[in-house]
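Below: one structure, written as structure tokens.
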Amino acid sequence: MSKKKKAGIGRVFMWVILIAIAIVQIFPLIWLLDFSVASSTEMFTSGLLIIPKKIMWSNYSKAFTDGHFLLYLKNSILINVLAVILVLIASIMAGFACRRMRWKLSGFVKTMLLMGMMIPIHATLLPNYKIYTELGITDTMWALLIPYVAFSLPQGLFLMTSFIESIPVELEEAAVIDGCGIYRIIFQVITPMLKTSIATVSIMTFLNNWNEFMMARIYLSSDKWKTLPFSILDFTGQYSSNYAIQFAVMALTAAPAIIVYIILNKHITKGVAMGAVKG
Amino acid sequence: MKKLYSNKLVIFSLILPGLLLFIFAILAPICLSIYYGFTNYTGMGTYDMIGLENYKNLLHDEAFAISLRNSLLLAIGFICIQHPIAMIIAAVLDKLGGRAESFFRCVYFIPNVISIAVIAKLWGFIYNPNFGLLNNIVKAFGGKGDINWLDEKNAIWSVLIVLIWHGFGWGMLIYYTGIKNIDPTLYEAASIDGASQSQTFLRVTLPLMKPVIQVNVTMAVISALKQMETVYLLTQGGPGNSTQFAANYLYQQGFTAYRYGYGNAIGVIFIIICLIATVALNKVFEDRDEVRMRKHERDEEKRRNAMRKSVTVKNKLNSIKAVG
């Protein structure tokens, strides 16, 4: 009887902790959503949440146009998809070369490429700016794409090599007997077997780069290639002193990632877990 | 097969894209940083080679020392506050099961997918002395609610709270995966032996989680060193460098203080510190693993010997029986 009671108290305690942490994690976002539909004058309240007299959907329409939402979203999607594709191709090719091909320097080259994981990305901001200026590629898509791919490659390579290792060599032997070249082996025999690791690498690359803005801040000057975080960073215009609209911009900027995360929740959880534990 | 797999030209073409990216985006900038680290370049005009002058100045640079101290504080915050909570939550979630489990897991991770641009602005508003959430909470509990959360005394703690809050879901998820990988029969065995839940956690879960904890601790230290975006937007390293971090400091020196050469010298030292930290942590953890492995092997051998002995004894007994 007393044991049962004790277990009951334990269960209650468990739920209290779970809910308390959940509130801490999510309440700032509820606050954000709440204030984003209020009018600017209602914000100076001493209550935790406000019940807006009238729901101001117009905050969002102003945020949408003034924050260049569509242009920045398009840039973000384009640059990130390209980065993922390039990381996948480069990491599968290099991974295969380092794991399966027979050459003396394979170990050395692999270690060197993996070293990139340890280099702090921000230490390259100053010299890279110089290099890109000299080459005249500042304010182009390349100024973002090159560092995004380069800094996601080591992790991708690391994951790919460990997965390629687990594929039985017999498959390749059969392909060689059938007269396949190396490129056909890589892209028609090996790549289809790497589905899980391709998903993992894609998710990690996306998470690394989707929200990045330091490099974009430094290497870009015009609006042409700016990415989604700039909806909020550059939000000036006529509403810069209107806090409610700024809240709407923040909610709008965060929305795509949150929606995609909720839809792909299971896959992303798996991908992060696999990427982080292996990496 | 052998010939095909050692074709130099094919190997070179496979490795080329990765190699080019590495050289162009990582190696070349590092070399350039080393070069400019020896100059007094302001970012424009001409410059002179000044030898180790920048590095000498860096030794006495208080702001840089504060940056490293802040990284240390952040790492301690991650390891002593974020990780224990994350691990307990992960263990509780693992027992929960069903829809509630995936719901909470999802909620805890959401801050992680939101851009730091939004997180930093949002917390800027939360800390706002006029209508910020935090002062309103203080008022709700009967306080005065006029605290300036981002002044020189409080700012670093406020920044740490944001970072610990933001990274919580990530740490939790990795511990959660680690716990999910533990063989459930071990828990059954523990409950048959009459272990309580806290005993099971301390005696079964925790020891088996050691490798996961090591990975997480390494990542926490590295990310504490690399911290930049949040302070860049929330405090700019201020007031008065009190929330400075190395990456933000080198950015400010290089781009806004017109000390490009000095900024690069900071960059070089920063890279070296990150490399040393990574290698040192791996060494510390690796050694322990190896020691444990060696011990494990020794135990295994003992057991095998014992088994062999018992088998021979049994055989002898059997032969005696047969004879009898």
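The values are calculated or read from the model by the stated rules, or taken from the named source; none is laboratory data. Model, not experiment: these values are computed from the prediction. Glycine gets a Cβ as well: all are built from the backbone with ideal geometry, and neighbour counts include every protein chain shown. Ligands, DNA and RNA are excluded from the accessible area calculation, which covers all protein heavy atoms including side chains. Shrake-Rupley method; radii C 1.70, N 1.55, O 1.52, S 1.80 Å.
Worth pointing out:
- Surface per residue (accessible, 1.4 Å probe) for chain B, Å²: 51
- Size of electric dipole in the range B:46-178: Cβ of Lys, Arg +1 and of Asp, Glu -1, about Cα centre, debye, nearest 20: 600
- Distance (nanometres) between label positions extended 7 Å along Cα→Cβ at A:Ile262 and B:Arg203: 4.4
- Shielding score for A:173-181, defined as the mean number of other chain Cβ atoms within 10 Å: 1
- Given chain A, longest segment not containing exposed loop trypsin sites (Lys or Arg not before Pro) (DSSP; at most 15 other Cβ within 10 Å): A:105-223
- Across chain A, the longest run free of exposed loop sites, meaning chymotrypsin sites (Phe, Trp or Tyr not before Pro) lying outside DSSP classes H, G, I, E and B with no more than 14 other Cβ atoms within 10 Å, spans A:58-279.
- Dipole magnitude of the protein assembly as shown about its Cα centre (Cβ charges: Lys, Arg +1; Asp, Glu -1), debye to nearest 20: 2540
- Rg/Rh for chain B (Cα atoms only, Rh after Kirkwood) is 1.13.
- Near the amide H of B:Thr39, within less than 5 Å, lie the amide hydrogens of B:Ile50, all on another chain or at least 5 residues away, with H placed in the peptide plane.
- Charge dipole of the protein assembly as shown about the Cα centre (unit charges at C-beta), most positive-ward option of B:Gly238, B:Pro84, A:Ile167: A:Ile167
- For the range B:1-126, the residue among B:Ile34, B:Leu58, B:Gly45 whose Cα projects farthest onto the positive side of the dipole built from Cβ charges is B:Ile34.
- Surface burial for B against A, with a 1.4 Å probe and both sides summed, reaches about 8500 Å² of accessible area.
- Couplings 3J(HN,Hα) of the range B:136-141, computed from phi: 5, 5, 4, 4, 4, 8 Hz, in residue order, whole Hz [Karplus 6.51 cos²θ - 1.76 cosθ + 1.60, θ = phi - 60°; x for Gly and Pro].
- Across the accessible surface of the range B:51-180, with the other protein chains kept in place and a 1.4 Å probe, carbon and sulfur atoms take up 66 percent.
- Remark: spin-label model distance B:Ile147-B:Ala257 equals 3.1 nm, labels positioned 7 Å along the Cα→Cβ axis.
- Set A:Lys266/B:Lys226; A:Lys54/B:Lys121; A:Lys226/B:Lys121; A:Lys195/B:Lys8; A:Lys266/B:Lys95 screened for pairs whose C-alpha atoms are more than 20 Å apart: A:Lys266/B:Lys226; A:Lys54/B:Lys121; A:Lys195/B:Lys8
- Straight-distance crosslink candidates among aspartates and glutamates, where the alpha carbon sits under 13 Å from B:Lys139 and sequence neighbours closer than 8 are dropped: none
- Top positive-direction residue, dipole computed over chain A with Cβ charges, set A:Leu49, A:Ser231, A:Ile177: A:Leu49
- Principal axes of the range A:2-59: Cα extent on each, largest first, Å: 57, 18, 15
- Aspartates and glutamates with Cα under 19 Å of A:Lys74, excluding same-chain neighbours fewer than 8 positions away: A:Asp66, A:Asp139, A:Glu212, A:Asp223, A:Asp234
- Check: the range A:68-234 dipole with +1 on Lys, Arg Cβ and -1 on Asp, Glu Cβ, in debye: 160
- Where trypsin sites (Lys or Arg not before Pro) in DSSP loops with at most 14 other Cβ within 10 Å are excluded, longest remaining stretch of chain B: B:154-324
- Here the range B:82-225 was treated as a single set of alpha-carbon atoms; its pair distances binned every 5 Å from 0 give 2, 8, 15, 16, 15, 13, 11, 9, 6, 3, 1, 0 percent.
- R0 of 60 Å, Cβ-Cβ distance B:Ser102-B:Met49: FRET efficiency to nearest 0.05: 0.50
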